[in-house]
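Student: Before I ask anything, let me first share the structure, which is written out below as structure tokens.
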Amino acid sequence: DSYTWLTYQTISDRKENFGHGLRQLVDERSYVAICAENRPEWLIVDMACMCQNLVTVPIYCLFNDSEITFVMNNTQISVVVCDQTMLKRFISFGKTCPSLVHIICMDPIPDDILGKSKSRCVQ
């Protein structure tokens, strides 16, 4: 629970690398959802999207399932970047959010989730 300082260069490298990876998944001007508690990765994802001409849609962790589904369907989100806490919720939206194709987790994927869909998870 201690804070680790990150250099500007580290943030810049992560932003560039993540942004280029996102562009392999979505076209320019696509919508990318971010749903996580406040953390450095949230900002890195947001900056990566801006640099790649992608639109970020913040989804609050306190939203209920119907609110999240409404936002995702209204913006036709195909990629969600979330933390481990929200991962199970987004996996459950598969049928109610047909545009959702990729879920990127900022944390290691728990074994109980990885075991159920091992062929679909990339770490």
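The values are calculated or read from the model by the stated rules, or taken from the named source; none is laboratory data. Keep in mind that what you see is a predicted model, and the values were worked out from it rather than measured. Note that each Cβ is placed from the backbone with ideal geometry, even for glycine, and that neighbours are counted across all protein chains shown.
Student: Please count how many residues of region 88-102 are touching a helix residue (DSSP H, G or I) at 6+ places or on another chain (Cβ under 7 Å) and surrounded by 21 or more Cβ atoms within 10 Å (Cβ to Cβ).
Tutor: The total comes to 2.
Student: Could I ask something else about it? For region 19-46, name all the residues that are surrounded by 18 or more Cβ atoms within 10 Å (Cβ to Cβ), in contact with a strand residue (DSSP E or B) (Cβ under 8 Å, 6 or more places away or on another chain) and farther than 20 Å from PHE63 by Cβ.
Tutor: Selection gives LEU22, VAL26, SER30.
The rows are residues; the columns are (1) of a type in the set (A, V, I, L, M); (2) modelled with pLDDT of 95 or more; (3) under 18 Å from GLU16 (Cα atoms).
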position	(1), (2), (3)
LEU54	yes, yes, yes
TYR60	no, yes, no
ILE68	yes, yes, no
ASN73	no, yes, no
GLN76	no, yes, no
LYS88	no, no, no
GLY94	no, no, no
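Student: With region 1-110 as the region, which helices (runs of 4 or more DSSP H) entirely inside it contain at least 1 residues that are without any contact (Cβ under 8 Å) to a residue 60 or more places away in the chain and within 11 Å of the chain's Cα centre (by Cα)? Explain how you work it out, then say what you get.
Tutor: Values: elements: 8-23, 40-51, 65-75, 84-92.
Filter on region 1-110 gives 8-23, 40-51, 84-92.
Student: Continuing with this model, one more query. Do we have any residue at all in region 60-71 that's crowded, with 16+ Cβ neighbours inside 10 Å and closer than 23 Å to LYS15 by Cβ?
Tutor: No: region 60-71 contains no residue that is crowded, with 16+ Cβ neighbours inside 10 Å and closer than 23 Å to LYS15 by Cβ.
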